[in-house]
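Colleague: Here it is, the structure, as structure tokens.
The values are calculated or read from the model by the stated rules, or taken from the named source; none is laboratory data. Just so we're clear, the structure is a prediction, and the values are computed from it rather than from any experiment. In this analysis, Cβ positions are derived from the backbone assuming ideal geometry, glycine residues included, and neighbour counts consider all displayed protein chains.
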Ligand code: SF4
């Protein structure tokens, strides 16, 4: 992918923490044909940014993208952000070709995003995701999955509602458990309560909302947690870091601090049978509305 760096600057952060370097870039291609586990979910992924400023929050600890040298290029995860300022134009330039390619195999389905978050704090300044969604009003995919770890997606609720008339749109909000903190790890980008509230607002606007409990963290009160999700979402997807992190045995995540923090709360949460227990619990509370791992991300619920 050809890129041209236009300018770079640093944003201030809290004292004692690494600075955030933000750069504006132009990309040649913005649609990536899905590979790995994503192939079971969508035909393409789309990253409006390279890097993720949620990288130093809770979800960034176990984030598998932080281990991608192609993305980080040696930089510390969460300390850089490349803003793909021409993402909407790049989308419009290639969507006819990529739609034709995808439809020879199934549907033109876009996962936005798998290696960053579409609704980072910087989105309010740059509006890259917004510009892409506006471009999709003219050239909609068949299916769009908006995946976020935060609650700022509600800033785009009207645009999403409009787009939902043009394509099959699902908003995935990741809420890993009912706990805001894991021992020794940073806080989440948005509290559990804020993300549940965002899910409720999106659903009230008529959008299809899925809470993705991914990667699954130890849940303090499973029945209560799934009941809260049932009240604000159409479905829930449960995914463990084993299998879910793209490695068959969870080895990517085992290289991070996440398993140790999970074990401090509940050692049994490190096994895949913990996921199965949570799935069974969710199914008693949300029958027909529970998905598991990649199939769940693809919209298969039972
Ligand atoms: S929002 Fe997604 S890409 Fe960003 S740090 Fe969290 S898990 Fe990684």
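Colleague: Let me confirm something: among 248, 183, which residue is surrounded by fewer than 24 Cβ atoms within 10 Å (Cβ to Cβ), over 23 Å from residue 35 (Cα atoms) and either touching a helix residue (DSSP H, G or I) at 6+ places or on another chain (Cβ under 6 Å) or modelled with pLDDT under 95 (or both)? Spell out how you get there, then give the answer.
Modeller: Numbers: 248 fails: over 23 Å from residue 35 (Cα atoms).
183 is the lone residue from the list that is surrounded by fewer than 24 Cβ atoms within 10 Å (Cβ to Cβ), over 23 Å from residue 35 (Cα atoms) and either touching a helix residue (DSSP H, G or I) at 6+ places or on another chain (Cβ under 6 Å) or modelled with pLDDT under 95 (or both).
Colleague: Moving to a separate point now. Out of the stretch 168-177, which residues are away from the ligand (no atom under 16 Å from the Cβ) and surrounded by 18 or more Cβ atoms within 10 Å (Cβ to Cβ)?
Modeller: Matches in the stretch 168-177: 169, 170.
Colleague: Still on this structure: Tell me the residue from 185, 202, 216 that is in contact (Cβ under 8 Å) with a residue 60 or more places away in the chain, in contact with a strand residue (DSSP E or B) (Cβ under 7 Å, 6 or more places away or on another chain) and under 25 Å from residue 55 (Cβ atoms), please.
Modeller: Working: 185 fails: in contact with a strand residue (DSSP E or B) (Cβ under 7 Å, 6 or more places away or on another chain); 202 fails: in contact (Cβ under 8 Å) with a residue 60 or more places away in the chain.
After ruling out the rest, the residue left standing is 216.
Colleague: Pull up the stretch 126-151, narrow it to residues that are without any contact (Cβ under 8 Å) to a residue 40 or more places away in the chain and assigned to a helix (DSSP H, G or I), then point me to the one that is farthest from the ligand (Cβ to nearest atom).
Modeller: Among those that are without any contact (Cβ under 8 Å) to a residue 40 or more places away in the chain and assigned to a helix (DSSP H, G or I), it is 137.
Colleague: Taking the stretch 85-108 as the region of interest, how many residues are touching a helix residue (DSSP H, G or I) at 6+ places or on another chain (Cβ under 7 Å) and surrounded by fewer than 21 Cβ atoms within 10 Å (Cβ to Cβ)?
Modeller: Step one: list which residues in the stretch 85-108 are touching a helix residue (DSSP H, G or I) at 6+ places or on another chain (Cβ under 7 Å), which gives 85, 87-88, 91-92, 108.
Next, from what is left, pick out any that are surrounded by fewer than 21 Cβ atoms within 10 Å (Cβ to Cβ): 85, 92.
Looking only at that region, the number is 2.
Colleague: Which condition number in (1) assigned to a helix (DSSP H, G or I); (2) away from the ligand (no atom under 16 Å from the Cβ); (3) touching a strand residue (DSSP E or B) at 6+ places or on another chain (Cβ under 9 Å) is the one that residue 107 fails?
Modeller: All conditions pass for residue 107, except number (1).
Colleague: Filter the stretch 110-125 down to residues that are touching a strand residue (DSSP E or B) at 6+ places or on another chain (Cβ under 9 Å) and in a helix (DSSP H, G or I) and give me whichever is nearest to the ligand (Cβ to nearest atom).
Modeller: Restricting attention to the stretch 110-125, the residues satisfying the condition of being touching a strand residue (DSSP E or B) at 6+ places or on another chain (Cβ under 9 Å) are 110-120, 122-123, 125.
Those still in the list that are in a helix (DSSP H, G or I) too: 123, 125.
Values: 123: 12, 125: 17 Å.
Here the answer is 123.
Colleague: Taking the stretch 63-104 only, how many residues are within 18 Å of residue 36 (Cα to Cα) and either within 16 Å of the ligand (Cβ to nearest atom) or part of a loop (DSSP other than H, G, I, E, B) (or both)?
Modeller: Looking only at that region, the number is 9.
Colleague: If residue 37 passes every condition in (1) more than 16 Å from the ligand (Cβ to nearest atom); (2) closer than 29 Å to residue 177 by Cα; (3) at pLDDT below 95 but one, which one does it miss?
Modeller: Every condition holds for residue 37 apart from (1).
Colleague: Would you please name the residue that is surrounded by the most Cβ atoms within 10 Å (Cβ to Cβ), looking only at residues in the stretch 109-125 that are farther than 23 Å from residue 41 by Cβ and in contact (Cβ under 8 Å) with a residue 24 or more places away in the chain?
Modeller: Of the residues in the stretch 109-125, the ones farther than 23 Å from residue 41 by Cβ are 121-122, 124-125.
Filter again for in contact (Cβ under 8 Å) with a residue 24 or more places away in the chain, leaving 121-122, 124.
On the way: 121: 14, 122: 19, 124: 11.
Result: 122.
Colleague: The conditions are (1) within 24 Å of residue 274 (Cβ to Cβ); (2) away from the ligand (no atom under 16 Å from the Cβ), and residue 234 fails exactly one of them. Which is it?
Modeller: Evaluating residue 234 over (1) within 24 Å of residue 274 (Cβ to Cβ); (2) away from the ligand (no atom under 16 Å from the Cβ) leaves (1) as the failure.
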